Amino acid sequence: MLRSAAQRLTRPNTARAITTSTPKPADPKTIQWSSIGFGYVPTRSIALAEFDGVSWGPVETQTDPNLSIHCLSNVIHYGQTLFEGLKAFTHKNGRVMAFRPDDNCARMNHGAERLGMPAVPLDLFNQVLARVINDNADYVPPYGSGGSMYLRPFFFGHGPQLGLGKAKRYVLGCAATPVGNYYPSGIKPAKSIVMGGFDRASPLGVGDCKTAGNYAADVRPSSMASARGFTVVLYLDAKEHKYVEEFSTSNFVAITGDGKSFVTPDSRSILGSITRFSLETLAEDQGLKVERRKIDFNEVASFREVAACGTAVVIVPIESITDERVQGRSKTITIGDGRSFPVMMSLYNRVTAIQRGDEPDKFNWLRYICDRPASA
Ligand SMILES: Cc1ncc(COP(=O)(O)O)c(C=O)c1O
């Protein structure tokens, strides 16, 4: 009999050099929803499905979040891997709703095509999400707590392989962990920096894919920036270092000096942020002109508001950008008055109200997954 994906991927680990402890799941009944913050809270299970080179196997859950794969797997050596991030929210009526999951699947498939990986059928992607959320429904923060269930789909090539080429087997999985309100005491603006000496993604590379290498390239510059008190690194285009691209893990959005336009860079090498797509729609809905175009870094000083946007936080207003492209010549630009971000705040309030079911979902962004157990 064929072993299931879950069995194959959880062979007992006999290696002595690696310590893979299996975390004890948190007890959902004792979680303090209002103070969980943004760390990993171990939940009951993850969901997995495997592609064996010909077809996809069934979606299964397993309680152990550790995976056992061959040490010569493509994911380890050649970075043939993609991930996603999205959230599910409990509405007042107890229904658990995922925010724009189909767009995450589309983005994963964009990456899969670029990295030579098989396509992930939308139905399978949604099954994996539904399975992990259903199995961990009592971990979805309740309505009113300000929290949500963060979902981390992942997709990678594995199996023994020495030379560079497509992997023969692939795993699609999803982990789920409850997260709290990122801003328990109100939104705080952040300081950003453009660092000399580091690029995020090349013009025709994989910057528009949610793949590991883009993040590996950012670990060191982001740590250096953080040690100096900057919250986010802003990257410019890798060819000329002239045009705005995006922040480490979020897109760049701005309100022009005249307050009339919502602008965001148009570039082949940035990730298509689903939060940004939502902000664009809402900005247009509230009468702003939406411009996707090249943004010369010199224009940034004229913007009234700038923000970083992404799933985890929705919006981080940027109070200043320090330009250190040329060594020894540091220049800091304050955005607007550095303190007030009325348009970004109104967009933030609308996105989060739709996500929580407090404003009608007029753009059809939410997908029903299951009911949250009333007893949890
Ligand atoms: C590089 C990068 N840009 C932008 C985003 C924001 O995308 P989203 O709004 O879909 O979370 C993310 C986070 O996923 C990211 O990693």
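Just so it is clear, none of the values below were taken in a lab; they were calculated from the coordinates. Given the structure is predicted, the values throughout are model-derived calculations rather than measurements. Note: ideal-geometry Cβ built from the backbone for every residue, glycine included; neighbour counts use all protein chains shown.
Structure above, values below:
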quantity	calculated
Simple spin-label estimate for ASN364 and ASN66 in nanometres, 7 Å along Cα-Cβ	4.6
Student exercise, segment 5-179 dipole from Lys, Arg, Asp, Glu Cβ charges, in Debye to nearest 20	240
Segment 41-91-segment 146-206 distance, computed between alpha-carbon centres (Å)	13
Dipole magnitude of the chain about its Cα centre (Cβ charges: Lys, Arg +1; Asp, Glu -1), debye to nearest 20	700
Extension gain (nm, one decimal) between LYS242 and PHE198, 0.36 nm per residue minus Cα-Cα	14.5 nm
Computed lengthening from SER320 to ALA353, 0.36 nm per intervening residue step minus Cα-Cα distance	9.1 nm
Percentage relative contact order, the chain, counting C-alpha pairs under 8 Å, at least six apart	18
Order of TYR183, TYR150 under a 10 Å beta carbon neighbour criterion, fewest first	TYR183, TYR150
Residue order, fewest to most surrounding Cβ atoms within 10 angstrom, among PHE230, PHE156, PHE277	PHE277, PHE230, PHE156
Pair SER302, LYS166: separation of 7 Å Cα→Cβ label points (nm)	4.8
Linear extension gain, ASP52 paired with LYS331, 0.36 nm per residue minus alpha-carbon span	95.1 nm
Dipole axis of the chain (+1 Lys, Arg; -1 Asp, Glu on Cβ), positive-most option in ILE31, GLY180, ILE133	ILE31
